[in-house]
1. Consider LEU358 carefully, then state whether it is surrounded by 18 or more Cβ atoms within 10 Å (Cβ to Cβ), outside any strand (DSSP E or B) and of a type outside the set (Ser, Thr, Tyr).
2. Quick check, is LYS118 in contact with an Asp or Glu (Cβ under 9 Å, 6 or more places away or on another chain), outside the structural domain of ALA150 (by TED's automatic domain parsing) and within 30 Å of GLN269 (Cβ to Cβ)?
3. For region 333-356, does any single residue satisfy the condition of being acidic (Asp, Glu) and over 16 Å from THR278 (Cβ atoms)?
4. Could we say that ILE97 is among the aliphatic types (A, V, I, L, M), in a strand (DSSP E or B) and not assigned by TED's automatic domain parsing to the domain that holds PHE23 here?
5. Out of the residues in region 152-166 that are in a loop (DSSP other than H, G, I, E, B) and of a type outside the set (Asp, Glu), state the one that is farthest from ASP216 (Cα to Cα).
6. Step by step: first the residues of region 190-230, then only those that are part of a helix (DSSP H, G or I) and of a type in the set (S, T, N, Q), then the one that is farthest from TYR83 (Cα to Cα). Which residue is that?
7. State which residue is surrounded by the most Cβ atoms within 10 Å (Cβ to Cβ) when the search covers only region 21-51 and only residues that are within 17 Å of the chain's Cα centre (by Cα) and of a type in the set (A, V, I, L, M).
8. Report the residue count in region 119-151 for those that are in a helix (DSSP H, G or I) and either touching a helix residue (DSSP H, G or I) at 6+ places or on another chain (Cβ under 7 Å) or surrounded by 16 or more Cβ atoms within 10 Å (Cβ to Cβ) (or both).
Amino acid sequence: MKNTALTHIHIQLGAKMVPFAGFNMPVQYTGVNIEHETVRKGVGVFDVSHMGEFIVKGDKALDLIQKITSNDASKLFDGKVQYSCIPNETGGIVDDILVYRIDANTYMLVVNASNIEKDWNWIQQHNAEEVELINISEKTSLLAVQGPDAKKVLQKLTDIDLNKMPYYSFSKGKFANKTNVLISATGYTGAGGFEIYFQNEDAVAIWNAIFEAGKDVSIKPIGLAARDTLRLEMGFCLYGNDIDDTTSPIEAGLGWITKFNKDFTNAAQLLQQKQQGTNRKLIGLEMVERGIPRHGYEITDAMGKAIGVITSGTQSPTLQKAIGLGYVVTDYSEVGTEIYVKIRENLVKATVVTYPFLNTLTK
């Protein structure tokens, strides 16, 4: 199992450690609900250094990215980030990624930890342009500083004006007296905040500086369990749960990152899906009766006939309601449709709702 540059600190802090994507990662420190609330109301820090980062460099860098990703990377400009996915040749998704444009000939792709090797091999296989590819995952650390107080804390440590950094943009510069740090106005929580990329050797100093700067707002370390509940409240897809090699971006509600003004892997089939519709769709659901939908639970109609499967589910700490994502036969995907989740052989009533849940259920 791999360690991040901060694993020893998580252990010192008493974190519960678990294997995740081949890494020894902190799943929680003080408890999921407390950590979740810290991010929603204050500021918390996630060590997400297990994520992968690839540099794509050269005159044909954009050509390669356009060919392998679904979104239109030609819309990017220096300092802009884009959410995208890598479609496979059979209608599924190799991975969902972030694309950073550093300059016209240099991009950074941020990929999921469990897919680093798979993505690297896929991109290499499709690199007919012979673009320079550099895997910097092993030497790069990444912290996600999330929550409404994140900006206040981080601004103390940099001259970069964080107020002038729109959502999904980034800047490189000095941070916590370290150079060549990339600060990105991105995150996976819906609570606002930033993600900070830097060299492994600077990890401990940067971690300590952030916690010193945030002590007046009770900054806390946050584990992967709260990261999951936070992202689910926002309806953000998790690779391996809600999307994978067998789910198309159209089925998964990711048509907004699937642009057909260019050619890319499997574009023709995905365009056909967009025009003709799909047999199943990813839906949000709220439990009407008592019970928590868990990954893999069957979704049925009132008669118990299988119509789909839960991909993610939890008891929302913010909303105090059980929520989930799942694929259902398209006929059952309309908002307001009554469906059932099979929990220990019992059919438990639920309703199809729109997501993000945090907006939907608090209106």
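1. Details: surrounded by 18 or more Cβ atoms within 10 Å (Cβ to Cβ): yes; outside any strand (DSSP E or B): yes; of a type outside the set (Ser, Thr, Tyr): yes.
So LEU358 fits the description; yes.
2. Details: in contact with an Asp or Glu (Cβ under 9 Å, 6 or more places away or on another chain): yes; outside the structural domain of ALA150 (by TED's automatic domain parsing): yes; within 30 Å of GLN269 (Cβ to Cβ): yes.
It is true that LYS118 is in contact with an Asp or Glu (Cβ under 9 Å, 6 or more places away or on another chain), outside the structural domain of ALA150 (by TED's automatic domain parsing) and within 30 Å of GLN269 (Cβ to Cβ).
3. Yes, some residue in region 333-356 is acidic (Asp, Glu) and over 16 Å from THR278 (Cβ atoms).
4. Details: among the aliphatic types (A, V, I, L, M): yes; in a strand (DSSP E or B): yes; not assigned by TED's automatic domain parsing to the domain that holds PHE23: yes.
The answer is yes for ILE97.
5. Quick first cut of region 152-166, residues in a loop (DSSP other than H, G, I, E, B) only: 156-157, 159-161, 165-166.
Then keep just the ones that are of a type outside the set (Asp, Glu); that gives 156-157, 160, 165-166.
Numbers: LYS156: 12, LEU157: 14, ILE160: 21, MET165: 24, PRO166: 26 Å.
The qualifying residue farthest from ASP216 (Cα to Cα) is PRO166.
6. Kept after step one, since they are part of a helix (DSSP H, G or I), are these residues of region 190-230: 200-213, 215-217, 224-230.
Cutting the leftovers down to of a type in the set (S, T, N, Q) gives us 200, 208, 229.
Details: ASN200: 25, ASN208: 30, THR229: 20 Å.
That would be ASN208.
7. Looking at residues that are within 17 Å of the chain's Cα centre (by Cα) and of a type in the set (A, V, I, L, M), I get VAL39.
8. First, the residues of region 119-151 that are in a helix (DSSP H, G or I): 119-125, 137-139, 150-151.
If we keep only those that are either touching a helix residue (DSSP H, G or I) at 6+ places or on another chain (Cβ under 7 Å) or surrounded by 16 or more Cβ atoms within 10 Å (Cβ to Cβ) (or both) too, we end up with 119-120, 122-123, 137, 139, 150-151.
Selection size over region 119-151: 8.
The values are calculated or read from the model by the stated rules, or taken from the named source; none is laboratory data. These numbers were taken from a predicted model, which means no experiment stands behind them. We place every Cβ from the backbone using ideal geometry, glycine too, and count neighbours over all the protein chains shown.
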